[in-house]
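Here's the structure, in structure tokens; my notes come after.
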Amino acid sequence: MPSHLSTHSRYWAVIPAAGVGSRMGAAVPKQYLMLSGKTVLEHTLSRIARHPLIHGVVVVIAPGDEFFQRLNLPRQKNVLLSLGGAERCHSVLNGLNTLAEHAADDDWVLVHDAARPCIRAEDITRLIEALRDHPAGGLLGLPVADTMKRSDREGNVIATVEREGLWRALTPQMFRLGVLRDALEAALSQGVLVTDEAQAVEAAGHAPRMVEGHGDNIKITRPQDLVLAQLYLQQQECA
Ligand code: CTP
Ligand code: MG
């Protein structure tokens, strides 16, 4: 049976949480800011770890992180820790190497930003179901809604970009552990600092599948995003 049709693969998650949050400009990294009563990372971790199809989670924290151990985490299944690197791609690769001690190359791994606390369980399920028989994997995304312009360095419009087929890439991004690890290692060895997992997998010759998610799965980047995330969390609770 081809490996991509194996029915025994497990689903794991890697949560990169080793960034400093420079654009947020807060006193602590943004994943440790409070949002509706708990930290951003606690929201994210509990949504991922509680998903019934996720077998275990690796959280990647910065070397010297003093905050993670102070979190009051409820007993959650299989939460492992790994240490981050200079860029997100280094952190993710470290997390995959930690995961590889427990998981098979054929297992699926969902990489999800710590800074996206509003991820819906239904979107995780949709991603997993859409990619069940896919040889490589794919990612949540949102079709672009606005008219797209390309400008020169001074800001003058030089083109209107055809919107058809354009997506914003979100997370989780879900790939076979072996495929993703090899792809990230290859990208880094060529000096390419990929900004998402799909970019590395694309460069390795695969065509990741886009799976439409929800627009409330925002990445907290700047202070105003915290306000928006709080609204989204409230709205999700009422739904
Ligand atoms: N991340 C990481 N290791 C890094 C850089 C980022 O694990 N070396 C994580 C962040 O903690 C975040 C996710 O990757 O959960 C997405 O990155 P981003 O939104 O860019 O977070 P920061 O790098 O922390 O923020 P900024 O770029 O504003 O400094
Ligand atoms: Mg960053």
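The values are calculated or read from the model by the stated rules, or taken from the named source; none is laboratory data. Small disclaimer: the values here were computed from a predicted structure and weren't measured. Every residue, glycine as well, gets a Cβ built from its backbone with ideal geometry; the counts of neighbours run over all protein chains shown. Accessible surface areas use protein heavy atoms only, side chains included; no ligands, DNA or RNA. Shrake-Rupley method; radii C 1.70, N 1.55, O 1.52, S 1.80 Å.
The table below lists the values:
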{"item": "Filter result (open to solvent by 30 Å² or more (accessible area, probe 1.4 Å) and in contact (Cβ under 8 Å) with a residue 40 or more places away in the chain) within the stretch 51-61", "result": "Leu53, His55"}
{"item": "Filter pass, Tyr32 being within 16 Å of ligand 2 (Cβ to nearest atom) and of a type in the set (Phe, Trp, Tyr)", "result": "yes"}
{"item": "Any strands (runs of 3 or more DSSP E) falling wholly within the stretch 156-233 and containing at least 3 residues that are touching an Asp or Glu at 6+ places or on another chain (Cβ under 7 Å)", "result": "167-176"}
{"item": "Extreme residue, farthest from ligand 2 (Cβ to nearest atom), among residues of the stretch 67-93 that are out of contact with any strand residue (DSSP E or B) (no Cβ under 9 Å at 6 or more places or on another chain) and not in a helix (DSSP H, G or I)", "result": "Arg75"}
{"item": "The stretch 16-54, residues that are among the charged types (D, E, K, R) and in a strand (DSSP E or B)", "result": "Lys38"}
{"item": "Selection count where residues are away from ligand 2 (no atom under 16 Å from the Cβ), in contact with a helix residue (DSSP H, G or I) (Cβ under 6 Å, 6 or more places away or on another chain) and in contact (Cβ under 8 Å) with a residue 60 or more places away in the chain, scope the stretch 36-49", "result": "1"}
{"item": "Any hit, the stretch 140-153, residues being crowded, with 18+ Cβ neighbours inside 10 Å, touching a strand residue (DSSP E or B) at 6+ places or on another chain (Cβ under 7 Å) and at pLDDT 95 or above", "result": "yes"}
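Rundown of residues vs (1) within 14 Å of ligand 1 (Cβ to nearest atom); (2) under 16 Å from Ala229 (Cβ atoms), yes/no style:
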residue: Ala17; (1), (2): yes, yes
residue: Val20; (1), (2): yes, no
residue: Ser36; (1), (2): no, yes
residue: Thr39; (1), (2): yes, yes
residue: Glu42; (1), (2): yes, yes
residue: Leu45; (1), (2): yes, yes
residue: His51; (1), (2): no, no
residue: Val57; (1), (2): yes, no
